[in-house]
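One structure is given below, encoded as structure tokens.
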Amino acid sequence: AQSVTQLDSQVPVFEEAPVELRCNYSSSVSVYLFWYVQYPNQGLQLLLKYLSGSTLVKGINGFEAEFNKSQTSFHLRKPSVHISDTAEYFCAVSLGGGGNKLTFGTGTQLKVEL
Amino acid sequence: GAGVSQTPSNKVTEKGKYVELRCDPISGHTALYWYRQSLGQGPEFLIYFQGTGAADDSGLPNDRFFAVRPEGSVSTLKIQRTERGDSAVYLCASSLGQGLAQTEAFFGQGTRLTVV
């Protein structure tokens, strides 16, 4: 079975500063990796996903993530955050080859301050 | 509608009662998923439908939980003899159904269930 660890439950950051949200996964088989964002009172929204190929994946709203197989990580980064990026961010994994079940981490609350 | 719709948005029920939670997926989406999100946790998979049939119900915690999708569109999650531990936000998602690599799952805003 696969699992996801998000070590940081909260990350405070000042506006226009860079941010990295950490995600590590565990799986004995190939997986697909995802980052979702949940804004207050809204549903989960897909930010980006890694399936195969280039290890650097670009998503919406200026976010990107890098897949590192040796470190089993998929950290999310943004070079300059905005107040509107304040939200909960979830890393998730599904089985490679057509899986339909997402296994989520516990989430990281990103709080952007002025 | 434009997105996945879940009703009610909030539900308070007494311990031992029966509840039904409804999900209206995006029109044309054949795949439908139910997740449960407890306080401070990430969403936890419950069940996945492809069309009318449950393709994977391995996440249903026990036989008090049941879900149906009789016409391949709207789905209802049913919880019998509710317990306080069932309190959580129940999320529904839908996708075009070729697997998460090919298609995106769109989530509703969830139903917050509180069992008192």
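The values are calculated or read from the model by the stated rules, or taken from the named source; none is laboratory data. What you see is a predicted model; the values in this text were computed from it and never measured. Cβ atoms come from the backbone with ideal geometry, glycine included; neighbour counts cover every protein chain shown. Only protein heavy atoms, including side chains, enter the accessible area calculation; ligands, DNA and RNA are left aside. Shrake-Rupley method; radii C 1.70, N 1.55, O 1.52, S 1.80 Å.
Being away from chain B (no Cβ under 14 Å) and either modelled with pLDDT of 95 or more or within 24 Å of B:E44 (Cα to Cα) (or both) is the filter; apply it to the stretch A:35-66 and report the residue that is most open to solvent (accessible area, probe 1.4 Å). Steps first, please.
Our first condition is that a residue be away from chain B (no Cβ under 14 Å); within the stretch A:35-66, this holds for A:54-56, A:58, A:61-66.
So of that shortlist, the ones also either modelled with pLDDT of 95 or more or within 24 Å of B:E44 (Cα to Cα) (or both) come out as A:56, A:58, A:62-66.
Working: A:L56: 74, A:K58: 144, A:G62: 47, A:F63: 4, A:E64: 49, A:A65: 1, A:E66: 74 Å².
My answer is A:K58.
Consider A:H82 carefully, then state whether it is over 19 Å from B:Q41 (Cβ atoms), more than 8 Å from chain B (Cβ to nearest Cβ) and touching a Lys or Arg at 6+ places or on another chain (Cβ under 9 Å).
Answer is no for this residue.
For residues in the stretch A:19-34 being among the aliphatic types (A, V, I, L, M) and crowded, with 20+ Cβ neighbours inside 10 Å, which is farthest from A:Q2 (Cα to Cα)? Give the derivation first.
Looking only at the stretch A:19-34, we keep the residues that are among the aliphatic types (A, V, I, L, M), and these are A:19, A:21, A:29, A:31, A:33.
After this cut, where a residue has to be crowded, with 20+ Cβ neighbours inside 10 Å as well, the list is A:19, A:21, A:31, A:33.
Numbers: A:V19: 26, A:L21: 20, A:V31: 8, A:L33: 11 Å.
So, considering only residues that are among the aliphatic types (A, V, I, L, M) and crowded, with 20+ Cβ neighbours inside 10 Å, the one farthest from A:Q2 (Cα to Cα) is A:V19.
So that you can scan it fast, the table gives a plain yes or no per residue for (1) farther than 17 Å from B:A93 by Cα; (2) free of Cβ contacts under 8 Å to residues at least 12 places away in the same chain; (3) surrounded by 14 or more Cβ atoms within 10 Å (Cβ to Cβ):
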| residue | (1), (2), (3) |
| --- | --- |
| B:S9 | no, no, no |
| B:K15 | yes, no, no |
| B:P25 | no, no, yes |
| B:F49 | no, no, yes |
| B:R64 | yes, no, yes |
| B:A67 | no, no, yes |
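Say we look at the stretch B:77-114 and pick out the residues that are among the β-branched types (V, I, T), closer than 25 Å to A:A92 by Cα and surrounded by fewer than 21 Cβ atoms within 10 Å (Cβ to Cβ); which of these is modelled with the lowest pLDDT? Give the steps one after another, and end with the answer.
Initial filter on the stretch B:77-114 (among the β-branched types (V, I, T)): B:79, B:82, B:89, B:103, B:111, B:114.
Within this subset, residues satisfying the condition of being closer than 25 Å to A:A92 by Cα are B:89, B:103, B:111.
Imposing the further condition that a residue be surrounded by fewer than 21 Cβ atoms within 10 Å (Cβ to Cβ) reduces the set to B:89, B:103.
Numbers: B:V89: 97, B:T103: 82.
Ranking the qualifying residues of the stretch B:77-114, first place goes to B:T103.
In the set B:G85, B:G108, B:G99, which member is within 14 Å of chain A (Cβ to nearest Cβ) and either without any contact (Cβ under 8 Å) to a residue 24 or more places away in the chain or more than 14 Å from the chain's Cα centre (by Cα) (or both)? Lay out the reasoning, then the answer.
Details: B:G85 fails: within 14 Å of chain A (Cβ to nearest Cβ); B:G108 fails: either without any contact (Cβ under 8 Å) to a residue 24 or more places away in the chain or more than 14 Å from the chain's Cα centre (by Cα) (or both).
Every option except B:G99 fails the conditions.
Return the total of residues in the stretch B:85-109 being over 14 Å from B:R36 (Cβ atoms) and of a type outside the set (G, A, S).
8
What's the number of the only condition in (1) without any contact (Cβ under 8 Å) to a residue 60 or more places away in the chain; (2) open to solvent by 30 Å² or more (accessible area, probe 1.4 Å); (3) within 14 Å of another protein chain (Cβ to nearest Cβ) that A:L95 fails to meet?
(1)
Which of the residues spanning the stretch A:11-51 are more than 9 Å from the chain's Cα centre (by Cα) and closer than 30 Å to B:T7 by Cα?
A:Q38, A:Y39, A:P40, A:N41, A:Q42, A:G43, A:L44, A:Q45, A:L46
A quick yes/no check of all residues on (1) of a type in the set (S, T, N, Q); (2) under 26 Å from B:V89 (Cβ atoms); (3) in contact with a Phe, Trp or Tyr (Cβ under 9 Å, 6 or more places away or on another chain):
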{"residue": "A:P18", "(1), (2), (3)": "no, no, no"}
{"residue": "A:S30", "(1), (2), (3)": "yes, no, no"}
{"residue": "A:Q38", "(1), (2), (3)": "yes, yes, yes"}
{"residue": "A:N41", "(1), (2), (3)": "yes, yes, no"}
{"residue": "A:V57", "(1), (2), (3)": "no, no, yes"}
